[in-house]
Amino acid sequence: MRKQEVSALIIGRFQPFHNGHLEVIRTIAGQCDRLIVGIGSAQLSHTFDNPFTAGERHLMISRALHDDGLDDFFLVPMVDVNRYSVWVAHVQSLVPPFQDVYTNNPLTRRLFEEAGYAVRSAPLFNRDVYSGTEIRRRIVSGKEWEHLVPEGVSETIYEVHGDQRLRDITKDHSYEVTI
Ligand code: ATP
Ligand code: MG
(Lines give C-alpha, C1' and ligand atoms only; values in the text may rest on other atoms or scores of the structure.)
(Ligands and ions follow the chains in the order given, each with its own letter.)
Protein backbone atom coordinates (compact mmCIF):
# COMPACT_ATOMS: atom_id res chain seq x y z
CA MET A 1 0.00 0.00 0.00
CA ARG A 2 1.20 3.50 -0.79
CA LYS A 3 1.40 5.89 2.13
CA GLN A 4 -1.35 8.49 2.33
CA GLU A 5 -0.24 11.43 0.18
CA VAL A 6 -1.47 15.00 0.46
CA SER A 7 -2.15 16.80 -2.81
CA ALA A 8 -2.68 20.55 -2.94
CA LEU A 9 -4.44 22.48 -5.70
CA ILE A 10 -3.77 26.02 -6.91
CA ILE A 11 -5.65 27.55 -9.83
CA GLY A 12 -4.72 30.62 -11.84
CA ARG A 13 -4.84 31.93 -15.39
CA PHE A 14 -1.06 32.43 -15.39
CA GLN A 15 -1.08 35.04 -18.17
CA PRO A 16 1.86 34.77 -17.82
CA PHE A 17 3.25 32.62 -14.95
CA HIS A 18 5.50 34.97 -12.93
CA ASN A 19 7.89 35.05 -9.95
CA GLY A 20 5.01 35.63 -7.49
CA HIS A 21 3.35 32.42 -8.70
CA LEU A 22 6.67 30.58 -8.39
CA GLU A 23 7.17 31.84 -4.80
CA VAL A 24 3.73 30.74 -3.75
CA ILE A 25 4.19 27.35 -5.39
CA ARG A 26 7.51 26.87 -3.57
CA THR A 27 5.69 27.53 -0.28
CA ILE A 28 2.85 25.15 -1.12
CA ALA A 29 5.21 22.44 -2.38
CA GLY A 30 6.81 22.40 1.08
CA GLN A 31 3.43 21.64 2.63
CA CYS A 32 2.21 18.79 0.43
CA ASP A 33 3.42 15.66 -1.33
CA ARG A 34 2.02 16.56 -4.73
CA LEU A 35 1.11 19.81 -6.36
CA ILE A 36 -1.73 20.26 -8.83
CA VAL A 37 -1.73 23.46 -10.87
CA GLY A 38 -4.99 24.27 -12.64
CA ILE A 39 -4.53 26.44 -15.74
CA GLY A 40 -7.77 28.42 -15.65
CA SER A 41 -9.74 29.95 -18.54
CA ALA A 42 -7.93 27.44 -20.74
CA GLN A 43 -10.13 28.25 -23.74
CA LEU A 44 -8.95 31.87 -23.86
CA SER A 45 -6.02 33.30 -25.77
CA HIS A 46 -5.09 36.21 -28.05
CA THR A 47 -6.61 38.99 -25.91
CA PHE A 48 -4.85 41.53 -23.68
CA ASP A 49 -6.15 39.86 -20.51
CA ASN A 50 -5.48 36.35 -21.79
CA PRO A 51 -2.79 36.44 -24.47
CA PHE A 52 -1.35 32.93 -24.19
CA THR A 53 -2.96 29.60 -25.11
CA ALA A 54 -3.36 26.84 -22.55
CA GLY A 55 -0.61 24.90 -24.33
CA GLU A 56 1.80 27.84 -24.18
CA ARG A 57 1.03 28.33 -20.50
CA HIS A 58 1.52 24.60 -19.91
CA LEU A 59 4.98 24.83 -21.48
CA MET A 60 6.06 27.95 -19.58
CA ILE A 61 4.92 26.55 -16.21
CA SER A 62 6.46 23.11 -16.69
CA ARG A 63 9.79 24.67 -17.69
CA ALA A 64 9.75 27.03 -14.71
CA LEU A 65 8.90 24.28 -12.20
CA HIS A 66 11.43 21.78 -13.58
CA ASP A 67 14.13 24.47 -13.59
CA ASP A 68 13.26 25.15 -9.94
CA GLY A 69 13.81 21.49 -9.04
CA LEU A 70 10.13 20.58 -8.73
CA ASP A 71 9.14 17.34 -10.42
CA ASP A 72 6.06 15.95 -8.72
CA PHE A 73 3.28 18.08 -10.16
CA PHE A 74 0.28 17.88 -12.46
CA LEU A 75 -0.59 20.76 -14.79
CA VAL A 76 -4.24 20.63 -15.78
CA PRO A 77 -5.89 23.02 -18.24
CA MET A 78 -9.43 23.96 -17.16
CA VAL A 79 -11.97 25.61 -19.43
CA ASP A 80 -14.49 27.94 -17.78
CA VAL A 81 -17.96 26.55 -17.16
CA ASN A 82 -19.53 29.95 -16.33
CA ARG A 83 -21.74 28.38 -13.72
CA TYR A 84 -20.31 28.72 -10.23
CA SER A 85 -22.58 26.11 -8.64
CA VAL A 86 -20.91 23.33 -10.65
CA TRP A 87 -17.36 24.70 -10.69
CA VAL A 88 -15.96 22.46 -7.96
CA ALA A 89 -17.47 19.32 -9.54
CA HIS A 90 -15.94 20.40 -12.87
CA VAL A 91 -12.51 20.79 -11.25
CA GLN A 92 -12.85 17.44 -9.46
CA SER A 93 -13.59 15.76 -12.77
CA LEU A 94 -10.34 17.06 -14.27
CA VAL A 95 -7.66 16.57 -11.61
CA PRO A 96 -6.33 13.76 -9.40
CA PRO A 97 -7.87 13.63 -5.89
CA PHE A 98 -6.73 16.56 -3.71
CA GLN A 99 -7.18 17.60 -0.09
CA ASP A 100 -6.03 21.24 0.17
CA VAL A 101 -6.87 24.26 -1.95
CA TYR A 102 -4.79 27.46 -2.00
CA THR A 103 -6.45 30.66 -3.13
CA ASN A 104 -6.77 34.35 -2.36
CA ASN A 105 -10.00 34.65 -4.28
CA PRO A 106 -13.06 34.95 -1.97
CA LEU A 107 -15.42 33.27 -4.45
CA THR A 108 -13.09 30.32 -5.04
CA ARG A 109 -12.64 30.01 -1.26
CA ARG A 110 -16.39 29.93 -0.71
CA LEU A 111 -17.06 27.38 -3.45
CA PHE A 112 -14.40 24.94 -2.22
CA GLU A 113 -15.32 25.43 1.44
CA GLU A 114 -18.96 24.71 0.64
CA ALA A 115 -17.73 21.47 -0.95
CA GLY A 116 -15.90 20.57 2.29
CA TYR A 117 -12.29 21.33 1.35
CA ALA A 118 -9.63 22.87 3.56
CA VAL A 119 -8.90 26.22 1.90
CA ARG A 120 -5.71 28.11 2.73
CA SER A 121 -4.64 31.55 1.63
CA ALA A 122 -1.37 32.04 -0.12
CA PRO A 123 0.85 35.02 0.77
CA LEU A 124 1.30 37.66 -1.95
CA PHE A 125 4.87 38.44 -2.99
CA ASN A 126 5.85 41.86 -4.42
CA ARG A 127 2.36 42.24 -5.79
CA ASP A 128 3.07 45.68 -7.31
CA VAL A 129 5.29 44.08 -9.96
CA TYR A 130 4.65 40.33 -9.67
CA SER A 131 1.31 40.69 -11.39
CA GLY A 132 0.14 39.32 -14.74
CA THR A 133 -1.50 42.63 -15.63
CA GLU A 134 1.67 44.61 -14.84
CA ILE A 135 3.80 42.24 -16.93
CA ARG A 136 1.42 42.40 -19.91
CA ARG A 137 1.42 46.22 -19.70
CA ARG A 138 5.20 46.26 -19.67
CA ILE A 139 5.42 43.95 -22.70
CA VAL A 140 3.01 46.15 -24.65
CA SER A 141 4.77 49.38 -23.75
CA GLY A 142 8.27 48.01 -24.38
CA LYS A 143 9.41 48.22 -20.73
CA GLU A 144 11.60 45.56 -19.11
CA TRP A 145 9.61 42.58 -17.90
CA GLU A 146 11.89 39.56 -18.22
CA HIS A 147 13.22 39.86 -14.65
CA LEU A 148 9.66 39.45 -13.29
CA VAL A 149 9.24 35.92 -14.67
CA PRO A 150 11.26 32.68 -14.46
CA GLU A 151 13.65 32.17 -17.39
CA GLY A 152 11.57 29.27 -18.81
CA VAL A 153 8.65 31.69 -19.11
CA SER A 154 10.46 34.46 -21.01
CA GLU A 155 12.02 31.78 -23.24
CA THR A 156 8.58 30.38 -24.05
CA ILE A 157 7.09 33.82 -24.71
CA TYR A 158 9.88 34.69 -27.14
CA GLU A 159 9.67 31.26 -28.81
CA VAL A 160 5.98 31.72 -29.64
CA HIS A 161 6.50 35.45 -30.41
CA GLY A 162 4.08 36.19 -27.59
CA ASP A 163 5.54 39.67 -27.04
CA GLN A 164 4.77 40.62 -30.65
CA ARG A 165 1.33 39.05 -30.38
CA LEU A 166 0.50 41.16 -27.34
CA ARG A 167 1.63 44.35 -29.05
CA ASP A 168 -0.31 43.47 -32.22
CA ILE A 169 -3.60 42.63 -30.55
CA THR A 170 -3.55 45.82 -28.49
CA LYS A 171 -2.44 48.15 -31.29
CA ASP A 172 -5.80 49.85 -31.71
CA HIS A 173 -6.73 49.59 -28.04
CA SER A 174 -4.17 51.70 -26.21
CA TYR A 175 -6.80 52.47 -23.53
CA GLU A 176 -6.53 48.85 -22.42
CA VAL A 177 -2.96 49.25 -21.33
CA THR A 178 -3.12 52.67 -19.74
CA ILE A 179 -5.92 52.03 -17.24
P1 ATP B 1 -3.76 39.03 -13.58
O2 ATP B 1 -3.22 40.40 -13.26
O3 ATP B 1 -3.83 38.71 -15.03
O4 ATP B 1 -5.05 38.71 -12.85
P5 ATP B 1 -2.25 37.58 -11.56
O6 ATP B 1 -0.86 38.02 -11.31
O7 ATP B 1 -3.31 38.02 -10.57
O8 ATP B 1 -2.63 37.99 -13.04
P9 ATP B 1 -3.52 35.03 -11.71
O10 ATP B 1 -3.23 33.98 -12.72
O11 ATP B 1 -4.78 35.80 -11.81
O12 ATP B 1 -2.25 36.02 -11.70
O13 ATP B 1 -3.40 34.44 -10.24
C14 ATP B 1 -3.38 33.10 -9.92
C15 ATP B 1 -3.16 32.94 -8.45
O16 ATP B 1 -1.85 33.43 -8.11
C17 ATP B 1 -4.14 33.76 -7.59
O18 ATP B 1 -4.58 32.96 -6.51
C19 ATP B 1 -3.33 34.90 -7.08
O20 ATP B 1 -3.72 35.33 -5.80
C21 ATP B 1 -1.91 34.31 -7.02
N22 ATP B 1 -0.92 35.36 -7.18
C23 ATP B 1 -0.90 36.30 -8.12
N24 ATP B 1 0.14 37.14 -7.94
C25 ATP B 1 0.79 36.70 -6.86
C26 ATP B 1 1.95 37.15 -6.14
N27 ATP B 1 2.63 38.25 -6.50
N28 ATP B 1 2.33 36.45 -5.06
C29 ATP B 1 1.65 35.35 -4.69
N30 ATP B 1 0.55 34.88 -5.30
C31 ATP B 1 0.12 35.54 -6.38
MG1 MG C 1 -5.45 37.73 -10.96
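The values are calculated or read from the model by the stated rules, or taken from the named source; none is laboratory data. What you see is a predicted model; the values in this text were computed from it and never measured. Keep in mind that these areas ignore ligands, DNA and RNA; they rest on the heavy atoms of the full protein, side chains included. Shrake-Rupley method; radii C 1.70, N 1.55, O 1.52, S 1.80 Å.
How much accessible area per residue does the chain have, counting only protein heavy atoms and a probe of 1.4 Å, in square angstrom? Provide the component values of the computation, followed by the final result.
Numbers: 9460 Å² over 179 residues.
The answer is 53 Å² per residue.
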>> Given an 8 Å cut-off on Cα distances and at least 6 residues of separation, report the relative contact order of region 28-130 as a percent.
In response: 23
> Which of S93, S154, S62 moves the most in a Gaussian network model of the chain with Cα springs under 10 Å?
Replying inline: S93
> For region 7-169, treating each Cα as an identical point scatterer without solvent, what Debye log10 I(q)/I(0) comes out at q = 0.09, 0.18 1/Å?
Replying inline: -0.28, -1.14
>> Between G142, G152, G12, where does the largest GNM mean-square fluctuation fall for the chain, given springs only between Cα atoms within less than 10 Å?
In response: G142
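Just the number, please: carbon plus sulfur as a percent of the accessible area of region 1-121, 1.4 Å probe, no ligands or DNA/RNA counted.
About 50 percent, which is the carbon plus sulfur part of the accessible surface.
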>> Per DSSP helix of 4 or more residues, -39500 (n - 2.57); summed, then divided by the residues of the chain. What does that give at 222 nm, rounded to the nearest 500?
In response: -11500 deg cm²/dmol
> Which residue, P51, P77, P96, tops the fluctuation ranking in a GNM of the chain built on C-alpha contacts under 10 Å?
Replying inline: P96
